[in-house]
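Heads up: the structure comes next, in structure tokens.
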Amino acid sequence: MTKDRLKDKMDNAQEAEADPGRHAMEEAILATLATAAFDQDEVAQAARSVNWSRSDFGAIAAALIESVTEGRVPDLTVIADKLRSARIQDAVLTDIMEGKKAKDLTVILEYIRIMAAQDKRRAAEAFGLDYLKAVKEGDMDAAFADLAGKVFDLATERKLIRSYPVEKDAAADALDILNARRSDGRDYLGLDCGFGHLNEVLNGLTDGVIILGGMPSCGKTTLAKQIADHVAEVEKVPVLFYSFEQSAEELRIKSLSRLSSVDSRRIWKGRSADAEWSEVEKAAEDYLQGPGPYLTIIEAGRKDTVEAIRAAALMAKRKAGDKRVLLVLDYLQIIPAGKDAPVALRERIDANLSELRRLSRDLKSPVLVVSTLNRAAYGEPSKPPSMVALKESGGIEYSADVVVILWRNDIASEEMETDRKGRRPADPIRVSIEAHVLKNRNGELGKKVPLNFTPAWSEFEAAQGS
């Protein structure tokens, strides 16, 4: 083949059609743009979003859109001159400019909608293939969490751009919903936390971020685990307990100790007597049959960001038939940051709190988060807690829906230090703890809920009369 013949073939070559049906739709759009039968501004605006299947079509579209936008009737000579460097075939351009394949405006807009849907489908397929490759080559859990997060973000985006109904339509069944809530037999709106007085004050565990704070040895994790067990057993909803510090074994031992009234340290060390072990075995059966089917303990690590937690929670909610779920995170200050989060601790905590609030809103479920207090609060065990104790822990006082601080006085602190010294295993010390409700969007504020804490048995009980 001579050089001239090769050049001639290259000049007259056409790109392969990606889709015959799409090719016809694109020709119709271009032909419609080229005619002056009606105002083409709407077509030109819509055509800007088209991903043209052929480069020559894309070049012609750009020239036609420019002419329409400038208010000029597209002219073959002018358009051909603009496209001289693009090497467009004369026959292709002439066919389009004659407008024989032009369609009605509504048809053209429908063509553009169909092609946009096709593009999204192809992009999704390519996206899925990329993730399959990532799963084969890397960390499947991380890939899934990232994918689930992106799907959730897409759903959220669509929710943000949808049209909103007026109140006449949106609130049509509001009274029925409120009446169903009134007659469902519940005394409070949220999930049952297992403590009557606390349920009354908080209105149960309602949707939102609930901060459970306190000084060391107040039993924050112990209380969070007891609440998680109770919600799973009584409410029969999914409970995900993310532990960033303690192991799953330590958390299980807390529950077994509470249910068997056997010292948790004796269980952990393997020092329990035969009679005690028999009680532990009974407790294990109760634990597996009670909260067991609904409770999941996650030994969390650096990959368990809020985005990954969101993915797992959404899956649990979906599998449970869209019931509410309870998320328990232990603890706030060491939840890892997402890839775009700030480096500074306080700013990272603020970012995570904001994400947790959005997660709670989208799940329509409570998120219980254990938190430490600042060091200034440690030095004043006799002084009742205030929101000042959270000042070094990000914007908890602003972002949280509920803040509960566990407090014990200095006498109780000394008693806990000497706990189990010379005491019989069947008679461990009980410490008085007060749960101070410092913030409460859905219930009473400024309340103190008295509790009894038995550290040896990892058990909280309602104080008499409360």
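Pick out, from the range 1-73, the helices (runs of 4 or more DSSP H) lying fully within it that include 1 or more residues that are modelled with pLDDT under 75 and under 48 Å from the mean Cα position of the chain (by Cα). Let's see the steps before the verdict.
Details: elements: 3-11, 20-34, 41-47, 55-69.
Here the list reads 20-34, 41-47.
In this structure, is ALA435 part of a loop (DSSP other than H, G, I, E, B), at pLDDT 55 or above and of a type outside the set (Val, Ile, Thr)?
On the way: part of a loop (DSSP other than H, G, I, E, B): no; at pLDDT 55 or above: yes; of a type outside the set (Val, Ile, Thr): yes.
It is false that ALA435 is part of a loop (DSSP other than H, G, I, E, B), at pLDDT 55 or above and of a type outside the set (Val, Ile, Thr).
Tell me the residue from ASP81, ASP104 that is more than 18 Å from SER53 (Cβ to Cβ), within 46 Å of the chain's Cα centre (by Cα) and charged (D, E, K, R), please. Full working, then the answer.
Working: ASP81 fails: within 46 Å of the chain's Cα centre (by Cα).
Only one candidate passes the filter, namely ASP104.
Could you give me the residue pairs with C-beta distances under 7 Å whose first residue belongs to the range 318-340 and is in the same structural domain as ASN352 (by TED's automatic domain parsing), whose second residue is modelled with pLDDT under 90 and β-branched (Val, Ile, Thr) wherever it lies, and which are 6+ apart or on separate chains?
TYR331/THR372; LEU332/ILE349; GLN333/ILE349; GLN333/THR372
Condition check: at pLDDT 80 or above, on the phi < 0 side of the Ramachandran plot and surrounded by fewer than 16 Cβ atoms within 10 Å (Cβ to Cβ). Does LYS448 satisfy that?
Details: at pLDDT 80 or above: yes; on the phi < 0 side of the Ramachandran plot: yes; surrounded by fewer than 16 Cβ atoms within 10 Å (Cβ to Cβ): yes.
Spelling it out, LYS448 is indeed at pLDDT 80 or above, on the phi < 0 side of the Ramachandran plot and surrounded by fewer than 16 Cβ atoms within 10 Å (Cβ to Cβ).
Per-residue answers, yes or no, for (1) of a type in the set (Gly, Ala, Ser); (2) assigned by TED's automatic domain parsing to the domain that holds HIS23; (3) touching a residue at least 12 places away in the same chain (Cβ under 8 Å):
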residue: LEU76; (1), (2), (3): no, yes, yes
residue: ALA80; (1), (2), (3): yes, yes, yes
residue: ILE112; (1), (2), (3): no, yes, yes
residue: LYS136; (1), (2), (3): no, no, no
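What's the number of the only condition in (1) assigned to a helix (DSSP H, G or I); (2) surrounded by 13 or more Cβ atoms within 10 Å (Cβ to Cβ); (3) at pLDDT 80 or above that ALA102 fails to meet?
All conditions are met except number (1).
For the range 180-294, list the helices (runs of 4 or more DSSP H) that sit wholly inside it and hold at least 2 residues that are polar (S, T, N, Q) and crowded, with 22+ Cβ neighbours inside 10 Å; which are they?
Values: elements: 196-202, 220-230, 248-260, 264-269, 274-289.
Output list reads 220-230, 248-260.
May I ask you to say which residue of VAL231, VAL262, VAL237 is over 18 Å from SER458 (Cβ atoms), of a type outside the set (Ser, Thr, Tyr), in the same structural domain as SER432 (by TED's automatic domain parsing) and out of contact with any Gly (no Cβ under 7 Å at 6 or more places or on another chain)?
Working: VAL231 fails: over 18 Å from SER458 (Cβ atoms); VAL262 fails: over 18 Å from SER458 (Cβ atoms).
Only one candidate qualifies: VAL237.
Go through (1) under 19 Å from GLU245 (Cβ atoms); (2) at pLDDT below 95; (3) within 35 Å of the chain's Cα centre (by Cα) and name the single condition ALA313 misses.
Going through the list (1) under 19 Å from GLU245 (Cβ atoms); (2) at pLDDT below 95; (3) within 35 Å of the chain's Cα centre (by Cα), ALA313 breaks only (1).
List the pairs whose first member sits in the range 442-455 and is within 14 Å of SER217 (Cα to Cα), whose second member is β-branched (Val, Ile, Thr) and crowded, with 19+ Cβ neighbours inside 10 Å, and whose Cβ atoms are under 6 Å apart, counting only residues at least 6 apart or on separate chains?
So the pair list comes out as PHE453/VAL431; PHE453/ILE433.
The values are calculated or read from the model by the stated rules, or taken from the named source; none is laboratory data. Owing to the predicted nature of the structure, the values given are computational and were not obtained by experimental measurement. Heads up, the Cβs are rebuilt from the backbone with ideal geometry, glycines too, and the neighbour counts pull from every protein chain shown.
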